[in-house]
1. Let's see if you can work this out: charge +1 on each Lys and Arg Cβ, -1 on each Asp and Glu Cβ, no other charges. What is the dipole magnitude of region A:21-112 about its Cα centre, in debye to the nearest 20?
2. Return the subset of A:Lys64/B:Lys206; B:Lys25/B:Lys94; A:Lys138/B:Lys377; A:Lys138/B:Lys241 for which the Cα-Cα distance in this structure is over 30 Å, preserving the input order.
3. For chain A, with a Gaussian network of springs between Cα atoms less than 10 Å apart, report the residue from A:Pro123, A:Pro113, A:Pro48 with the top mean-square fluctuation.
4. Ratio of Rg to Rh for the protein assembly as shown, alpha carbon only, Kirkwood?
5. For Cα pairs less than 8 Å apart in space and 6+ apart in sequence, what is the mean separation divided by the residue count of region A:21-112, i.e. the relative contact order in percent?
6. Can you bin region B:327-388 into rounded, prolate or oblate? Criterion: square roots of the alpha carbon gyration tensor eigenvalues sorted a ≥ b ≥ c, rounded for a/c under 1.5, prolate for a/b above b/c, oblate for the rest.
7. With angles folded into 0 to 90 degrees, how steeply does helix B:417-436 sit against the dominant principal axis of chain B? Use alpha carbons for both and round to 10.
8. So which lysines pass the test for B:Lys37, namely a Cα distance under 17 Å, with those fewer than 8 places away in the same chain ruled out?
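Derivation of every value follows stated rules applied to the coordinates shown; laboratory data play no part. Predicted, not measured: the structure shown is a model, and the values here were computed from it. Heads up, the Cβs are rebuilt from the backbone with ideal geometry, glycines too, and the neighbour counts pull from every protein chain shown.
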Amino acid sequence: MHENPRNMTQGQFSFLPPLTDDQIKAQIAYAIKQGFAVSVEFTDDPHPRNTYWEMWCQPMFDTKDPAAVMLEVNECRKTWGANHYIKVQAFDNARWRESVAMSFIVNRPKYEPGLALARQEGPGRSIHYTVHSYATDKPRGERYK
Amino acid sequence: MATPTGAKKELKGADRYKAGVLEYKVMGYWQPDYVPKDTDVIALFRITPQPGVEADEAAAAVAGESSTATWTVVWTDRLTAADLYRAKAYRVDKVPNSPDQYFAYIAYDMDLFEPDSIANLTASIIGNVFGFKAVKALRLEDMRIPVAYLKTFQGPPTGVMVERERLDKYGRPLLGATTKPKLGLSGRNYGRVVYEALKGGLDFTKDDENINSQPFMHWRDRFLYCMEAVNRASAATAEVKGHYLNVTAGTVEQMYERAEFAKELGSVIIMIDLVLGYTAIQSISKWARKNDMILHLHRAGNSTYSRQKNHGMNFRVICKWMRMAGVDHIHAGTVVGKLEGDPLMVKGFYDTLLQPHTPVAPELGLFFKQEWASLGKCMPVASGGIHLGQMHQLLHYLGEDVILQFGGGTIGHPDGIQAGAEANRVALESMVQARNEGVDYLAKGPEILAKAAKSCKPLQHGLDTWKNISFNYESTDTPDFTPQVTPAR
């Protein structure tokens, strides 16, 4: 049977082949054109409810040049790229949205162990589930080595 | 109808209240000079009067029967501020291209309605009046709900933006699938479909409207197996996943019991059917707000009264009521799928669910300017006979804030359910990518899909299987102002 080979598919484009720098820049250009503020975030804990990734920089509210944003992406990659996930986010501050408008992965650690599911059996056949990312068994900075 | 007085104009005082039968328009229900107040509820009806009944009298009759009137004069009206409580028909227009039909505008004072009660609002507006003999047929086309009245309603328990934040999914339509076959699977087999579809790349799977607690699968069994599947898939993909657990039941008490169990098991979403009734919908909506639960509504039953143009009610009114009653998802048409839906009419439904204000747009069937008074947005769901080969059309017609549900289009994939889900996700992501890059994706859709399929076999096989499938039937519910049919594709 066909099995989906990916094990971390957060973001808008995780099912496509990794985006090239030109493709990333095109998405950033779209975001800027929509009036969104683009930001770069990174983490080594891919848990689906790990909401607060580390901020590489503040949302670039006033940056109108996609190349300038791309520079930040590449700086972040240089520092954290070997063993961190990095995503580009676009924030829309328009009334009735005031939230994230775009989010996509632009860097993955070399080795992605994925997540485990722990089950705690309870009464009446009910089970409490815990999704656990293998990487977090080690302290921050020592994961994905 | 005989007019004992033979009066032409509205009667006042002792003449108005003499025992007997009067035409509705002389009783005060027809007031062509009336200017609706900002706080009035306004309803637009499509009226087909009986032969011999004039349009303004028919409109007055509808106003009367949906507010204070009965068939004969009653003196007890004089104990009330009757002029205020009487609904007022104030405008009648001929329906373009339909010689025997009229659009009647009727204004109701807000004090006719209980705050925060769709049941009370609808008991007047679509109550007795639809069986009234003086009209051959009657259809509620649209309503203007005043801000003051809207503010008494909770609205969607979650809303589109908060839902996206909870799911951590942005910038693209969400993907779902309804488990098939809809009836007969055991809990264990049912959960298998859920697991495969979610692991393959969908965000949500869904119970169908008629999956409750039947001999082949009791509800607790379904809930337990589905949550095993949801959590497994979440761990396998590092994404938040959900299955709409249908909590519809024979009694409200059982509905709550099921909702509580869904919560205990950690589900992010529950589901109800429209046939629950408005009171139960508002109750479970408040429960959902209290318990951080997304609330999905399946519009089971609506086509019995929303599809034919001359009688019943337009689905856009259901959209308004459901945004007020408070649901987070509602099925609202696909344009290209197997179920009824003219593109402009569907846009009218989507705008009604998603926009903070909607202007007058007769071509979309929106007759009134509507301010939504910061009520949350309700996510439209497109479901029924859609497939990945239509991804460019779906993105174009339905936009980004929508859940695209490919049931058969996932489970029926020749390489299995995971392959079906993956194919849908790849098709969607490649289309969003192309749109953002500025490509004319509507024209070049098939090319974009073919290119994406080069690195995704499941997409190629899906395209091979479904590329020529379309449902080109004329819609029955079409706009009156720019007559057209669904274009053949």
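1. Details: 11 positive and 13 negative charges, 41 e Å.
In debye, rounded to 20, region A:21-112 gives about 200.
2. Among A:Lys64/B:Lys206; B:Lys25/B:Lys94; A:Lys138/B:Lys377; A:Lys138/B:Lys241, the Cα-Cα distance tops 30 Å for A:Lys64/B:Lys206; A:Lys138/B:Lys377.
3. Highest fluctuation among the options: A:Pro123.
4. Values: Rg = 27.4 Å, Rh = 26.5 Å.
Using Cα coordinates only, the ratio equals 1.03.
5. On the way: 153 pairs, mean separation 28.2, N = 92.
Relative contact order, region A:21-112: 31 percent.
6. On the way: a/c = 3.51, a/b = 1.48, b/c = 2.38.
Since a/c reaches 1.5 but b/c is at least a/b, the shape of region B:327-388 is classed as oblate.
7. The answer is roughly 70 degrees.
8. Partners found: B:Lys88, B:Lys151, B:Lys369.
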